[in-house]
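In what follows, a single structure is set out as C-alpha cells and then discussed.
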C-alpha cells in the first residue's frame with residue numbers, strides 16, 4: 001500500500017476516524033442514560049444557579065474515587081448538547097454546569113418530561129436485539145427481538161410487568177408533548193366530532209388531553225386488556241380492552257398515534273380497514289394518524305438520520321417500518337380510503353387525516 005501520497009493518507013485517516021466515531025457512537029446514548037439515572041438534570045435545576053463539579057459531586061453523593069469520571073461524563077454531555085458551562089458572573093473565571101433546552105426536557109417534574117423515553121429504549125430488553133441483528137438476517141425469526149428473547153415484543157410485554165410499565169411510561173411522555181402541540185396548533189382537526197377512539201392509546205394520556213379540551217367529545221382509549229385493566233374511566237373518557245385486528249369500537253374519528261409504523265404493510269391495511277368499519281355511517285368520519293413521513297424535502301441531515309434510526313428500531317423490535325408519502329398513500333388506497341391530508345407540525349412526525357369514500361358506507 002502506497003502511503004507516500006499525502007492526500008491518500010489523509011483520506012485513510014479520515015476513514016479511520018469515521019469508523020471510530022460510529023464504533024463508539026453508543027457512548028452518547030449510554031452517557032445520557034447514566035445522567036438521567038443519576039438525576040443530574042434535576043440536581044442542576046434544583047441548585048438554581050450554575051453548579052460546580054464539587055457541588056455536583058456532593059449533591060449526587062459520588063464516590064470520591066469516581067470524581068474524575070464524573071468530570072469526563074459531563075464533558076461529553078456538554079459536547080452532545082445536554083449541558084453547558086457558564087461563568088457565575090462576568091468578572092469571575094470560575095464556571096458551573098447549566099441546563100440546555102434538551103436537558104430541561106429530561107427533568108422529572110417537567111410537564112413534558114421525556115426522561116422515560118430514553119430509559120425505556122436503552123434498557124437491555126430493547127438493546128439486546130441489536131446483538132442479534134446479523135443472526136436475524138440469516139434465520140427465519142420475525143424480528144431480532146424474537147431472536148434475542150424467544151417471543152415478540154407484544155407477547156413479552158403482556159407477561160413482563162417491567163417492560164409493560166416502562167413502555168407505557170415512554171409513550172405517555174411522548175403523548176404529553178404531542179397533545180400539547182395539537183391542542184395549541186391543530187384544534188380544528190377535532191371540530192365537529194362527538195366521539196373518538198384512540199387505538200393503542202396506552203394509559204390514555206392523549207385521550208385525556210382531548211377529553212379535557214373538548215368536553216363534548218366522548219373519548220375511548222382502546223388497547224390490549226392487560227394495558228387498560230386497572231385504569232379508571234372518567235366523565236367523557238372510558239377504557240376498553242380488545243384487539244384492533246378483530247374490531248375497533250365505533251366512533252366519529254379513530255386515532256392511531258405511532259401505531260402503524262409498528263406493523264408491516266399487510267397488517268397496516270388490515271388495521272386501517274377495521275378503523276374504516278368503526279367510522280362507518282359517521283358523517284365527517286375520518287382516521288387521524290400521527291407518524292413519520294420519510295424522504296420529505298423538509299429536514300436537515302440530523303433529522304433524516306433520526307428518522308433512519310427509528311426505521312432501524314422498527315426493524316429490530318417489531319415488524320414495522322417508517323414510510324414515505326407514496327408508501328403511506330398506497331396503504332390508504334389499499335384499505336379503501338379516498339383521500340388524505342398531511343399537516344407537518346410535529347417535528348419529525350406529521351398529522352395525517354384520511355377519509356373514507358363519499359357516501360360511505
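The values are calculated or read from the model by the stated rules, or taken from the named source; none is laboratory data. The model shown is predicted, which means the values in this text are computed figures rather than measured ones. All Cβ positions, glycine included, derive from the backbone under ideal geometry; neighbour counts span all protein chains shown.
Screening residue 248 against (1) at pLDDT 95 or above; (2) farther than 21 Å from residue 355 by Cβ leaves a single unmet condition, (2).
Going by the conditions given, is residue 250 in contact with a helix residue (DSSP H, G or I) (Cβ under 7 Å, 6 or more places away or on another chain) and over 26 Å from residue 170 (Cβ atoms)?
Here the answer is yes, as residue 250 does meet what is asked.
Of the residues 281, 242, which is surrounded by fewer than 15 Cβ atoms within 10 Å (Cβ to Cβ) and touching a residue at least 12 places away in the same chain (Cβ under 8 Å)?
281 is the lone residue from the list that is surrounded by fewer than 15 Cβ atoms within 10 Å (Cβ to Cβ) and touching a residue at least 12 places away in the same chain (Cβ under 8 Å).
Just one of the numbered conditions (1) surrounded by fewer than 20 Cβ atoms within 10 Å (Cβ to Cβ); (2) within 19 Å of residue 153 (Cα to Cα); (3) modelled with pLDDT of 90 or more; (4) touching a helix residue (DSSP H, G or I) at 6+ places or on another chain (Cβ under 8 Å) is not true of residue 267: (4). Assess whether residue 34 counts as being on the phi > 0 side of the Ramachandran plot and surrounded by 12 or more Cβ atoms within 10 Å (Cβ to Cβ). Here the answer is no, as residue 34 does not meet what is asked.
Conditions tested, residue by residue: (1) part of a strand (DSSP E or B); (2) in contact (Cβ under 8 Å) with a residue 24 or more places away in the chain; (3) closer than 18 Å to residue 167 by Cα; (4) not assigned by the TED database to the domain that holds residue 197.
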{"residue": "227", "(1), (2), (3), (4)": "no, yes, yes, no"}
{"residue": "231", "(1), (2), (3), (4)": "no, yes, yes, no"}
{"residue": "249", "(1), (2), (3), (4)": "no, yes, no, no"}
{"residue": "256", "(1), (2), (3), (4)": "yes, yes, yes, no"}
{"residue": "275", "(1), (2), (3), (4)": "no, yes, no, no"}
{"residue": "292", "(1), (2), (3), (4)": "yes, yes, no, no"}
{"residue": "303", "(1), (2), (3), (4)": "no, yes, no, no"}
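Residues in the range 125-136 that are over 17 Å from residue 320 (Cβ atoms) and more than 19 Å from the chain's Cα centre (by Cα): 131, 132, 134, 135. Outside any strand (DSSP E or B) and within 22 Å of residue 167 (Cβ to Cβ): does that describe residue 310? Answer is yes for this residue. With respect to the conditions (1) closer than 20 Å to residue 320 by Cβ; (2) within 28 Å of the chain's Cα centre (by Cα); (3) at pLDDT 95 or above, residue 104 lacks only one, and its number is (1). When the range 313-361 is filtered for residues that are surrounded by fewer than 16 Cβ atoms within 10 Å (Cβ to Cβ) and under 16 Å from the mean Cα position of the chain (by Cα), the ones remaining, listed by number, are 345, 347. Residues of the range 137-153 being within 18 Å of residue 311 (Cα to Cα) and either surrounded by fewer than 19 Cβ atoms within 10 Å (Cβ to Cβ) or in contact (Cβ under 8 Å) with a residue 60 or more places away in the chain (or both), which ones? Within the range 137-153, 137, 142, 143, 144, 145, 152, 153 meet the criteria.
Within the range 330-361, being closer than 19 Å to residue 258 by Cβ and assigned to a helix (DSSP H, G or I) holds for 331, 332. Of all residues in the range 72-99, those satisfying the criterion of being within 26 Å of the chain's Cα centre (by Cα) and either surrounded by fewer than 16 Cβ atoms within 10 Å (Cβ to Cβ) or on the phi > 0 side of the Ramachandran plot (or both) are 76, 78, 79, 80, 81, 84.
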